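What follows is calculated from the coordinates using simple rules that are stated; it is not laboratory data. The structure presented is a predicted model; accordingly, all values stated were derived computationally and were not measured. Please note: Cβ atoms are built from the backbone with ideal geometry, for glycine as well, and neighbour counts cover all protein chains shown.
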Amino acid sequence: MTFTDFAALKEKVKIEDVCNLYDLKQKWKGNQGRGPCPACPKGDDRVLAVNTQKASFYCFSARTGGDLIAMIAHTQGISQRDAAAEIAKKVGLDSSPTTPKSPPEKKEDDLYLETLKDMIEDLEQRVSALEEAKVVKLRAT
Ligand SMILES: [Zn+2]
């Protein structure tokens, strides 16, 4: 049996990304999404409600709701354990059964990407600070 850390999974995966992964045709409005539920063909195309802020879903047809794992369990008709394992696999999270306690090692590429992202963030902050300074100067003259 495959070990899947539910909490770690929910921390790393966004419910809206899971919607995309499973092709749940959600129409987004702010942090609310509405769409058809693949498990409830009798429902209309708004029965499945997703809240990205709470990372939760509610199916008005089946009158059931929960977190993103429960959402996939419901919409795909599988168990929560299978849903969690499947999502982990789809997003490339390690769900190794032998070493659940040790965190997965970061690949060099990931570290490089993270460093780049940090640099970009830093640059963006500098640019906006410069731009603000410019505006202040213009107003002063
Ligand atoms: Zn449903």
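Pairs exceeding a 24 Å alpha-carbon distance, out of K10/K42; K12/K107; K14/K89: K10/K42. Using a 4.7 Å Cβ-Cβ cutoff, the cysteines of the chain lacking any partner cysteine are C19, C59.
Once backbone amide H atoms are built at 1.01 Å from N, S56 has N51 as its partners under 5 Å, excluding neighbours fewer than 5 places away on the same chain. Couplings 3J(HN,Hα) of the range 77-92, computed from phi: x, 10, 6, 4, 4, 5, 4, 4, 5, 5, 4, 4, 5, 4, 8, x Hz, in residue order, whole Hz [Karplus 6.51 cos²θ - 1.76 cosθ + 1.60, θ = phi - 60°; x for Gly and Pro].
For the chain, the convex hull spanned by the alpha carbon atoms encloses 146 Å³ per residue. In plain terms, the residue of L68, L48, L113 with the fewest other Cβ atoms within 10 Å comes first and the most crowded comes last, giving L113, L68, L48. The value of relative contact order for the chain, using C-alpha pairs under 8 Å at least six residues apart, is 19 percent. Residues in the range 115-124 carry Karplus couplings, in order, of 4, 4, 4, 4, 5, 5, 4, 4, 4, 4 Hz; the curve used is 6.51 cos²θ - 1.76 cosθ + 1.60 with θ = phi - 60°, and Gly or Pro positions show x.
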